[in-house]
Amino acid sequence: MFIDNDFPKLLGAELYRPHPAYIVEMASEPVVVHDFTKQPGQTVQLDRYRFFGNPGTKTSRERTQDQTIGTANSRSIVKDKVLVSLREYTGPADPNNTTLPSTFKIARETLMTAQRLLLDTGNLNMFHQSIGSLTLLDDYRRWRDRVFIDELFKSESRGAASDTQGGYYYPNGKTKSSSTQLNAYSSTEYASERFKFNVKTDLLEVVKSLRKRHVPVFADGYYRCIADPSFMKDLRADQGFREVARYPGMGQGSPLMGAMAPNQAIYAGGQYGQAQFVAGEPVMPSGFVFEGVRFFESTNFPSKTITVDIGDGNGASSRTTPAGLFFGPQAIGVGIGGPNAQVLINNNDDFSRFIILIWQLYAGFANLNKDFITTAFTITE
């Protein structure tokens, strides 16, 4: 009974538990629509809202007593319907070929021992560790995290980001000469490390462009950035960043008094200010705020490269380009069908010697507004 009913539910519940290593969904706050009746091959509708545009002036909105407002010029709330087609996703995948499905197998004897341990101690984490099920859970979380990152990256297809559209941004505003090559940097730019993302020229430009495009901010009043650690390394090493980071604020920094040290989180880490949390719950990173952006780091980025001459005298070559994804709310979305993510048991268990499991999800993912995203890069030397 435990194996057939309770065990899949125990694992399935863990799929929804947030984990501090995978923060993209938490940071991006995607639009989520769940329709329990939908199956793979069917569609779920996501709504993309747009703005009315020019607000006019005080005088243009003034009405006289004898003026008929009527309904002739009425306008409904403007929104686009984005239909996402549901697909079936499962895990884990074959470690040698991620396009091929695989399964997670546990010896029944191991599971029964873990069950007794759970009944004796009530420690759910110890139960998962003893059977190795954290591997299955990590596979789902890592995959879902990467899917949202890939959706944000789709803004690159808009071309170079500007004050009127989202897209890509390379240090010093360099643009692509082709889909795989970037216009060259000069020897002067190389000497001043202008191929690395910095504060004065690059970050301020990215934030300015988001504001000029009227990209809304999140409820906390900031834009968000999810960045590769190598991207953050170049930003943190920049002198413009260090000038702010060296001033922690008034008095000695204390996690219980974050307001007394507003810059403390810049060098104390994303967990600063989270000394108070609910026991047993994961402490999710809060990021740090700099120049109107709340920054988060993720180690789950895909590897990106581009051919470029950085001006070092060695000519054009393929360079790694760690990314930082800057965006506002409602940039991406997900439609979910069926029972949401769940853990399933395969009854083909070799004469009850093993428990064979997979996770399963019916979902469709979408980039809802590419103009709400700037995909910024730094270039490794």
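The values are calculated or read from the model by the stated rules, or taken from the named source; none is laboratory data. Small disclaimer: the values here were computed from a predicted structure and weren't measured. Note: ideal-geometry Cβ built from the backbone for every residue, glycine included; neighbour counts use all protein chains shown.
The table below gives the values:
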quantity	calculated
Extreme residue, surrounded by the most Cβ atoms within 10 Å (Cβ to Cβ), among residues of segment 91-141 that are of a type in the set (V, I, T) and under 27 Å from the mean Cα position of the chain (by Cα)	T103
Among residues of segment 93-124, those that are without any contact (Cβ under 8 Å) to a residue 40 or more places away in the chain, more than 17 Å from D6 (Cβ to Cβ) and not hydroxyl-bearing (S, T, Y), counted	6
Subset of segment 334-347 (residues that are within 25 Å of K370 (Cα to Cα) and surrounded by fewer than 24 Cβ atoms within 10 Å (Cβ to Cβ))	V334, I336
Pairs with Cβ under 6 Å, 6+ apart, first in segment 167-183 and more than 21 Å from K200 (Cα to Cα), second aliphatic (A, V, I, L, M)	K176/L182; L182/I306; L182/V308
Pairs where the first residue, in segment 297-318, is assigned to a loop (DSSP other than H, G, I, E, B) and the second is surrounded by fewer than 18 Cβ atoms within 10 Å (Cβ to Cβ) and among the basic types (K, R), C-beta under 8 Å, 6+ apart	N300/R142; N300/R146; P302/R146
Subset of segment 153-166 [touching a residue at least 40 places away in the same chain (Cβ under 8 Å) and under 22 Å from D228 (Cα atoms)]	F153, K154, S155, E156, S157, R158, A161, G166
Residue within segment 176-190 that is outside the structural domain of E25 (by TED's automatic domain parsing), in contact with a helix residue (DSSP H, G or I) (Cβ under 9 Å, 6 or more places away or on another chain) and in a loop (DSSP other than H, G, I, E, B) present	yes
Whichever residue in segment 327-381 is in a strand (DSSP E or B), closer than 21 Å to A160 by Cα and among the aromatic types (F, W, Y) and, among such residues, is farthest from the chain's Cα centre (by Cα)	F377
